[in-house]
Amino acid sequence: MLSVSDAEAIILQLVQPLDSLIDTEVIDLFTANGRILASPVTSQLDFPHWDNSAMDGYAVRSEDVQDCNEEKPVVLEIIEEIPAGVQPKSIIQSGKAARILTGAVMPVGANTVVMQERTRREGNQVFILATPKPKEFVRQQASYYKAGSQLLPTGIVLNAQEIALLAACQCTKLNVFRRPRVAILSTGDELVTPETPLQSGQIVDSNQYAIAALVQQMGAEAIMLGIVRDEPTALEEAIANALTQADIIISSGGVSVGDYDYVEQILESLGGKIHVRSVAMKPGKPLTVATFPTPHSPLLTPHSLLPTPHSLIYFGLPGNPAAVLVTFWRFVQPAIKKLSGLAEGWEPKFVKARASQELRSDGKRETYVWGQMRLSNGIYDFYPASGVQHSGNLINLAQTNSLAILPLGIARVAIGEEIQVLIQ
Ligand SMILES: Nc1nc2c(c(=O)[nH]1)N[C@H]1C(S)=C(S)[C@@H](COP(=O)(O)OP(=O)(O)OC[C@H]3O[C@@H](n4cnc5c(N)ncnc54)[C@H](O)[C@@H]3O)O[C@H]1N2
Ligand code: MOO
Ligand SMILES: [Mg+2]
């Protein structure tokens, strides 16, 4: 059985990010929230675009206002009014000033802005009551960004901050990585859809919904392939079909040692290479991970006839609902993030927290306890979900946001002790 960290290393090494030449699409800025840039962005505009005023006040020549104070103000003649958005018409000569408003273009000849509060106005004269620093309150052209240099690199997520910047640059069409395609299937004769009236012994296929929600939350496309019977031919057909339409396939169930657990055997019969068969973790022990060498369909490459170069990864998650969530957060989420083209930050995120209650495990497998992290006075406290922590219990998963980790060999964590917590 592999340790969690060995399994993680193997899995993340199997993931080849999407290709920045092939696996891309051009989208509108309006739909760019959460998407990942597939090529760097460069603007032909300087920021600021031109020298402009940072204050409401007066544009002056700094040489004219060297020695002024309240008792001995310098008096300048106002020759123009420049609101934002208006091109100045005059040149500011010695002894002259322009009324200027925040964001307005600096007039030629002026190099400094005196803020309104340090002036007094009488008619078309302004009294400068304090000496400004040279160039004070002038936002110099290109002082934030010089046209032609790289503005945003490949591999970053576009959020509000980046989208604001792209809008300001008038970059309304963006080359981004396509969304990873994730096919999802559930295995089990006992499974029915949520709208089916339950017969004795039947279970609702909640995993399909959980996995689809997780996949969508990550900005990937969830392809829901439904329930597959525990029957080798049906399973083989379903997996072969999934291979033609996805970058990643996630199934749940059928990976343990039971008489109807066929997933591993079918993966091998379809030419898959198994890299992980079980992991020393609880829940999640029978996690199975395989790869298939080449994509099985040109569907994957809408902009080219070349096949995508990365291999296809199959995650066979254990059927128990909590095992699905834990193995997804621990392994599948970073794998999808890495595949999606993110240049950095795809690794799982751990934080330190204080145990708010005693935590226990059998010490034989790395144990993941689900619960809630809460921030109080700058310190994270971890509250395990109340009720049983069994991998078949999904009731108390609701409202959890993290997983506390009890390492192998640690059977007890006392109240107040520091623990590692995986955040979702
Ligand atoms: N003799 C052993 N038995 C088991 C072992 C073991 O090591 N030796 N491991 C146990 C562990 S740990 C887990 S986890 C499960 C994993 O089993 P499978 O992946 O083979 O899953 P199934 O047997 O198909 O189902 C397990 C359980 O989960 C329910 N399930 C399955 N699919 C869904 C779904 N889509 N939505 C909701 N619930 C689902 C299923 O009804 C079962 O109750 O094996 C243990 N056994
Ligand atoms: O480890 Mo299993 O994944 O307990 O339920
Ligand atoms: Mg089983």
statement: When the range 358-385 is checked residue by residue, the ones that are surrounded by 18 or more Cβ atoms within 10 Å (Cβ to Cβ) and aliphatic (A, V, I, L, M) are 359, 369, 373, 385
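Of the residues 341, 316, which single one is more than 16 Å from ligand 3 (Cβ to nearest atom), at pLDDT 95 or above, under 30 Å from residue 20 (Cα atoms) and among the small types (Gly, Ala, Ser)?
Numbers: 316 fails: more than 16 Å from ligand 3 (Cβ to nearest atom).
341 is the lone residue from the list that is more than 16 Å from ligand 3 (Cβ to nearest atom), at pLDDT 95 or above, under 30 Å from residue 20 (Cα atoms) and among the small types (Gly, Ala, Ser).
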task: List the number of the failed condition for residue 325; all other conditions in (1) closer than 26 Å to residue 13 by Cα; (2) within 16 Å of ligand 1 (Cβ to nearest atom); (3) in contact with a strand residue (DSSP E or B) (Cβ under 7 Å, 6 or more places away or on another chain) hold.
output: (3)
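Against the condition closer than 23 Å to residue 2 by Cβ and touching a helix residue (DSSP H, G or I) at 6+ places or on another chain (Cβ under 9 Å), how does residue 410 come out, does it pass? Give the steps one after another, and end with the answer.
Details: closer than 23 Å to residue 2 by Cβ: yes; touching a helix residue (DSSP H, G or I) at 6+ places or on another chain (Cβ under 9 Å): no.
For residue 410, the condition - closer than 23 Å to residue 2 by Cβ and touching a helix residue (DSSP H, G or I) at 6+ places or on another chain (Cβ under 9 Å) - is not met.
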Test set (1) within 11 Å of ligand 1 (Cβ to nearest atom); (2) touching a Pro at 6+ places or on another chain (Cβ under 9 Å); (3) under 22 Å from residue 14 (Cβ atoms) - residue 261 fails condition number: (3)
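Just to confirm my filter: which strands (runs of 3 or more DSSP E) fall fully inside the range 309-424 and include at least 2 residues that are within 16 Å of ligand 2 (Cβ to nearest atom)?
Details: elements: 312-317, 349-355, 366-376, 379-384, 402-406, 418-423.
Because the criterion is at least 2 residues that are within 16 Å of ligand 2 (Cβ to nearest atom), the strands (runs of 3 or more DSSP E) in the range 309-424 that meet it are 312-317, 366-376, 402-406.
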- request: Collect the residues in the range 207-253 that are within 16 Å of ligand 3 (Cβ to nearest atom) and either in contact (Cβ under 8 Å) with a residue 60 or more places away in the chain or not assigned by the TED database to the domain that holds residue 263 (or both), keeping them in residue-number order.
  value: 207, 251, 252, 253
task: Please verify whether the range 54-77 includes one or more residues that are within 15 Å of residue 125 (Cβ to Cβ) and of a type in the set (Ser, Thr, Tyr).
output: yes
field: Residue list for the range 236-280, restricted to those being surrounded by 17 or more Cβ atoms within 10 Å (Cβ to Cβ) and part of a helix (DSSP H, G or I)
entry: 236, 238, 239, 242, 243, 263, 264, 266, 267
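Test residue 211 against the criterion of being within 16 Å of ligand 2 (Cβ to nearest atom) and assigned to a helix (DSSP H, G or I), and give yes or no. Steps first, please.
Numbers: within 16 Å of ligand 2 (Cβ to nearest atom): yes; assigned to a helix (DSSP H, G or I): yes.
Taking the combined requirement at face value, the residue satisfies it.
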task: Scan the strands (runs of 3 or more DSSP E) fully inside the range 83-188 and keep the ones with 2 or more residues being buried (at least 20 other Cβ atoms within 10 Å of the Cβ), in contact (Cβ under 8 Å) with a residue 40 or more places away in the chain and on the phi > 0 side of the Ramachandran plot.
output: none
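The values are calculated or read from the model by the stated rules, or taken from the named source; none is laboratory data. Note that the coordinates shown come from a computational prediction; the quantities given were computed from them, not determined experimentally. As a convention, Cβ positions derive from the backbone with ideal geometry for all residues, glycine included, and neighbour counts pool all protein chains shown.
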